[in-house]
Each structure stands twice: as C-alpha cells, then as structure tokens.
Amino acid sequence: MLRLFTAAAAATGSRTMTMLAPSAVRREQIETVRRMNDYFPEVVAQMKRLGDACQLVGETTWLEKMLYYTVPGGKMTRAIIAYNGIVLLGGKDTPGIKEKAMNIAWSLEMLQAAIIAADDISDATNTRRGRDAWHTIAGRDAVFDVMLVENCAYCLLGLHCEGEPYVRTLRHYTEIMFQISMGQNQDNHCRDSEGLAKTNEFTMEKYVPICQHKSGGYSFYLPMATALNVSGIFDKAAHDAALDLSKDLGLLYQVQDDYLDIYGVLKKMGKVRSDIRNGKCTWLIIEALNRANDEQRRRLKENYGYDDEKKIANVMEVFAEMKMKEVFLRWEKSMMDAIEKKIHKYSDVVRPELFIHALEAIKYHVNR
C-alpha cells in the first residue's frame, strides 16, 4: 500500500500531507503507460472484429489506421487515473482485473482522441502531438471519424463492463461528453459577430465553469468515477468527494494548459501556440487584465485575438512586464497545497491513493 501521510501530520492537523516521493509515483505511472502501449494492438483487434461484423469492404482497414493515428501518443492522464484506480479498488490480485482496467482505460483515451480531433477541426489547428492533425490527412471525412472513435469508446467499455457498473459508467461517459461539449462551445464563443475577442467578458466567473466542464468533469471526475463504478463503489459520499476534488484538479490542469500555450517548450507541446491568436478566454489573459494598469490594459485589448505576429508579440511583451510567468507559478503552488489538504480531508471516504495518482499525473505537466 502507498503510504501518504505522516502520523504527526495526521495528529496535529498541521501541514496535512507528506506526499510520496514524486519519482516513485512517476515511475509507477510511466510503467503503466508502457504496459498500456504494449497492449494497444489488442484494443485495435477488438474494434476490428466489431468492424468486420459490419461487412463493409475496406472500412475496417480505415478504422485501424484511424485508431493507431489518433488514440495513442498523449499524456494519458485519464488512463493513468482510471487504470490505477480500478486495480487499486478492485484488488490487484483479482483475476483479470488488470486486463479489464487496461481496456477501460483505453476507452477513456478514445474519448480524448475524439475530442482533440474535433478541437483541431474547430480551431483549424494543423499539428497535434508533434505531427499532422488527423483532419489534414482525412479531410472533411474527419468529422465522421470523430463520431466513430467516440463510439469505439462506448463499444470497448461494453465489452469489459456489465450490469450496474456498466450502466452507471456509460451514463457518466455520455453526461460528461455532453458537459464538455457545452463547455467547449462556450470556449469557442469567445468572439463577437465581427470576429474580435470579447475581452470585456473575460472574467473568472465565466472561466471557472468552463474549466469545471472542460477539464474537471472530463479529465478527472470521469476516470475517478469510472474506477469507483467499475469497482462496485456507488456510495454517494465517495462520488461527491471525487467530484469536489475534480473541480480543483480541473482548474489546475486547465490553467497549466493555458500557461503551456504561452510558455511551453514547443517541441514538447507538439502543437503551435494558438490561444492569443484565437482570442481564447484563458487564466493568463484574465489575470493580466485584472492586474494591468490602464496603459497595459489598452495594449492587451488592442492586440489580443489577432492572427498577426506583431500583435501577438505585443501581448507577450505586456505579459513579460507584468511577470505573468511568476504569477502563475505562485498560484500553481498554492493550488497544489490546497488540493493536498483536500485529499487528506477525504481520506476516510475514499482511499487517497486514487486522488494522489490524479494529482501526481499533472504535477510535472509544465516546465517551470
């Protein structure tokens, strides 16, 4: 069992958590990803058998090509959380538990593949994960591939989950996909009728719910709730704890993503910077507008949301003046501390290792 808290901390209620050595958790997660990648051909084989049953000449070959291109290669945050959670809660020595966890974890990665393929079409982004985005290869047909890979996720789940766990998990899959679609739509509707960024509407009151639907529910609550449901844990208190933590984890993860779009190492990102160009409502622009003096605020509003390298550079110049990188790093540290305390708070409700894997999966998400 992972050891998470010191007795002294538990007794005094002071600094509530002593985390596992990050290297130990990361080694475990990296090994999980390696095993999952080794297993992926079996996942594709299962989908090909379903495709062959449709008796449509050539389509199974296209399905195989599309799955290999779009599904592997990501950070696999959701898969890590789900796999380790199912094995942890279901008992690592339970016959077949690891294979079951592997397949269900890959079903979550299929949902991720569908979402980013749709996102690339919407944002007209031509690169993803360091290579051409799928729609640049498939053309307009990529719209239907998005639907296909999403339905592969539901089919794969159904092959490895049954009864009440399946009903509850499938309901969560569809509900969360609805919520993330709503959140993504609001994210996309950040320009006015003339195509200009609605900077006057960029507020934390608008941003935080987007994070809760776009990242919190999807990236964290869904894999944690999946682990609980698949393991037969339907207790409301356990799911409420997962939902509460997912909101904080989702906010942290989305803010990290916003930071990476501005300050990330391009080679590691595998995609071009686009938030400033596309006028996205991000944590960095909201914080900058709130902190700016009148002259800085004017420059931000005049330059944000244009496909113009000079204007993008002007925004970056204001960010540098305001030391927005340092502002983010201070906020990130305080957010991680708050999440650690909340994990301790719920340690009597759900085994805290489930939440630890979620936090550790993103702790090293950004370059600092």
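Observations, loosely collected:
- Using θ = phi - 60° and Karplus 6.51 cos²θ - 1.76 cosθ + 1.60, couplings along segment 97-107 (whole Hz; Gly, Pro as x): 5, 6, 5, 4, 4, 4, 5, 5, 4, 5, 5
- Cα-projected label distance for D132 with D244, points at 7 Å along beta-carbon direction, nm: 5.0 nm
- Taken along the Cα-to-beta-carbon direction at a fixed 7 Å, the label points for S181 and N37 span 3.3 nm.
- Loop-located GluC sites (Glu not before Pro) in segment 193-233, at most 16 other Cβ atoms within 10 Å (DSSP): E194
- Residue-span extension gain [K310 to K48] - 0.36 nm each, minus C-alpha spacing: 89.5 nm
- Pairwise FRET efficiency - I30 versus Q55, Cβ, R0 = 35 Å, nearest 0.05: 0.30
- Taking the average, over residues, of other Cβ atoms within 10 Å as the packing measure, peptides 143-152, 253-262, 156-165 rank 253-262, 143-152, 156-165 from highest down.
- Shown in residue order for segment 163-180 are the 3J(HN,Hα) couplings computed by the Karplus curve 6.51 cos²θ - 1.76 cosθ + 1.60 at θ = phi - 60°: x, 4, x, 5, 4, 5, 5, 4, 4, 5, 4, 6, 5, 5, 5, 5, 5, 5 Hz (x for Gly and Pro).
- Average accessible surface for the chain: 46 Å² per residue, computed with a 1.4 Å probe over protein heavy atoms with every protein chain in place.
- With Cα atoms as the point set, the radius of gyration and Dmax of the chain evaluate to 21.2, 67 Å.
- The amide H of R128, built 1.01 Å from its N in the peptide plane, has A133 as neighbours under 5 Å, considering only residues 5 or more places off or on other chains.
- The protection proxy used here, the mean number of other Cβ atoms lying within 10 Å of each residue, ranks peptides 81-92, 295-306, 24-35 as follows, highest first: 81-92, 295-306, 24-35.
- Extended-chain gain in nm, criterion 0.36 nm per residue less alpha-carbon gap, T94 and E64: 7.7 nm
- Carbon + sulfur, % of accessible area of the chain - ligands and nucleic acids excluded, 1.4 Å: 54 percent
- Cα lying deepest toward the dipole's positive end in the chain, options V149, I115, Y304, charges on Cβ: Y304
- P(r) tail, segment 45-185: Cα-Cα pairs separated by more than 23 Å, 38% of all pairs.
- The ellipsoid equivalent to the alpha-carbon distribution of segment 164-367 has semi-axes of 34, 19, 14 angstrom, derived from the gyration tensor eigenvalues as √(5λ) and listed largest first.
- Cβ-Cβ FRET estimate between K345 and F234, R0 fixed at 30 Å, reported to 0.05: 0.90
- Cα-centre dipole for the chain with unit charges at Cβ (Lys and Arg positive, Asp and Glu negative), debye to 20: 940 debye
- Helical content of the chain, expressed as a calculated mean residue ellipticity at 222 nm, amounts to -23000 deg cm²/dmol (DSSP H runs of 4 or more residues, -39,500 (n - 2.57) each, divided by residue number, nearest 500).
- By the rule of a C-alpha distance below 20 Å, with chain neighbours fewer than 8 residues away ignored, the aspartates and glutamates paired with K341 are D240, D244, D248, E332, E353, E360.
- Stretch gain in nm, segment N293-E162, where the contour uses 0.36 nm per residue and the Cα spacing is subtracted: 41.4 nm
The values are calculated or read from the model by the stated rules, or taken from the named source; none is laboratory data. The structure displayed is predicted, hence computed values, not measured ones. Reconstructed Cβ throughout: ideal geometry from the backbone, glycine too, with neighbour counts over all protein chains shown. Please note that ligands, DNA and RNA were not included when accessible areas were found on the heavy atoms of the full protein model with its side chains. Shrake-Rupley method; radii C 1.70, N 1.55, O 1.52, S 1.80 Å.
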